[in-house]
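What follows is a short report on a single structure.
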Amino acid sequence: MQKGKLPVHVGLIMDGNGRWAKRRLMPRSSGHKHGMNRMIALAEHAKKRGIKYLTAYTLSTENLSRPKDELDGLFDLFRNYFTENVKKLYAENSAVRIIGDVDALPEDIARLLKEGEKNSPANAEFTMVFAINYGGRAEIINAVNRAIERGEKTDAAGFEKLLYTGGLPEPDLIIRTGGELRLSNFLTYQSAYSELYFTDVLFPDFTDEEFDKAIESYCSRERRFGKV
């Protein structure tokens, strides 16, 4: 790979945890646990490869309509493993950023997430972004309402500061595992010129080597941003 062509920011739609578990006659919660472990390991690998930002679509606004027992299992994963995994990131000089409407989550979960972000090391080499209770359309509507409240016209640069991702670079590459060929309301505004990579591999099986295949695909492309 040519280092100069590496993506700075990679978005990750981690699809297939439930199907991975079902194929092994395991509860869906087991798939989510394996997916969480894979996500943290993948963040460490991405940092070593020279990626600066990795945004993981951890929980969408639509996911909140899933059965209560599955949501309870997901929230318990955060309660039991989030702080432990975040400390692993801190030890690697990595920061944590949270995007989404976390205040709509259970109070203890929201507190965990905010503390993880607040306690991140300064001047970190890498940032792990968790998109939790996140939806691209809701993000845009929220930003529009904030602009209206200010009573001022805004340009693209000003509008981008009102998004949950304010201050983050746009994703150069978005990867989706699990075989579906859509973005599912992920980084709707920010992905206008993102390169896309889809794979049939279910997320718990999405190894470092599979991640490298996506990076190699990105590096082989010529990005023109609408120009000749």
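Heavy-atom accessible area per residue, the chain, 1.4 Å probe: how many Å²?
Per residue, the chain has an accessible area of 52 Å².
Given springs between every Cα pair under 10 Å in a Gaussian network model of the chain, which of VAL144, VAL129, VAL86 has the largest fluctuation?
VAL144
Let me have the 222 nm mean residue ellipticity of the chain computed from DSSP H runs of 4+ only, each contributing -39500 (n - 2.57), with the sum over all residues rounded to the nearest 500.
-12500 deg cm²/dmol
Of all the accessible heavy-atom surface of the chain, with the other protein chains kept in place and a 1.4 Å probe, what percent is carbon and sulfur?
48
Where does the charge balance sit around ASN93 when Lys and Arg score +1, Asp and Glu -1, over other residues with C-beta under 14 Å from its C-beta?
Residues close to ASN93 contribute a combined charge of +2.
When the chain is fully extended, how far beyond the present Cα-Cα distance does LYS87 get from ARG223, taking 0.36 nm per residue of separation?
45.4 nm
Going by the alpha-carbon gyration tensor, a ≥ b ≥ c the square roots of its eigenvalues, is segment 100-144 rounded (a/c under 1.5) or, if a/c is not under 1.5, prolate (a/b greater than b/c) versus oblate?
Since a/c reaches 1.5 but b/c is at least a/b, the shape of segment 100-144 is classed as oblate.
Is the shape of segment 64-146 best called rounded, prolate or oblate, per the rule: a/c under 1.5 gives rounded, else a/b larger than b/c gives prolate, else oblate, with a ≥ b ≥ c the square roots of the Cα gyration tensor eigenvalues?
Because a/c hits 1.5 or more and a/b fails to exceed b/c, segment 64-146 counts as oblate.
Which whole-Hz ³J(HN,Hα) couplings does segment 106-122 yield from phi under the Karplus relation 6.51 cos²θ - 1.76 cosθ + 1.60, θ = phi - 60°, glycine and proline marked x?
For segment 106-122, the Karplus-derived couplings read x, 4, 5, 5, 4, 5, 4, 5, 5, 5, x, 6, 5, 8, 5, x, 6 Hz, x marking Gly and Pro.
Sequence-distant or interchain residues sharing an amide H contact under 5 Å with THR55, placed H: which?
VAL10, GLY11, LEU12, VAL129
Between ASP69 and VAL8, what length comes free when the chain is fully extended (0.36 nm per residue of separation minus the Cα-Cα distance, one decimal in nm)?
Stretched out fully, the ASP69 to VAL8 stretch lengthens by 18.3 nm.
Could you give each residue of segment 37-50 its phi-based ³J(HN,Hα) in whole Hz, using Karplus coefficients 6.51, -1.76, 1.60 with θ = phi - 60°, and x for Gly or Pro?
For segment 37-50, the Karplus-derived couplings read 4, 5, 4, 5, 4, 5, 4, 4, 5, 4, 4, 5, 6, x Hz, x marking Gly and Pro.
Around THR61, which amide H atoms from residues at least 5 apart in sequence, or from another chain, sit under 5 Å from its own amide H, with H modelled in the peptide plane?
So THR61 has HN proximity to TYR134, GLY135.
The values are calculated or read from the model by the stated rules, or taken from the named source; none is laboratory data. All values reported here derive from a predicted model rather than from experimental measurement. Here the Cβ is made from the backbone with ideal geometry for all residues, glycine too, and neighbour counts use every protein chain on show. When the accessible area is computed, the model is the full protein with side chains, heavy atoms only, and any ligands, DNA or RNA have been set aside. Shrake-Rupley method; radii C 1.70, N 1.55, O 1.52, S 1.80 Å.
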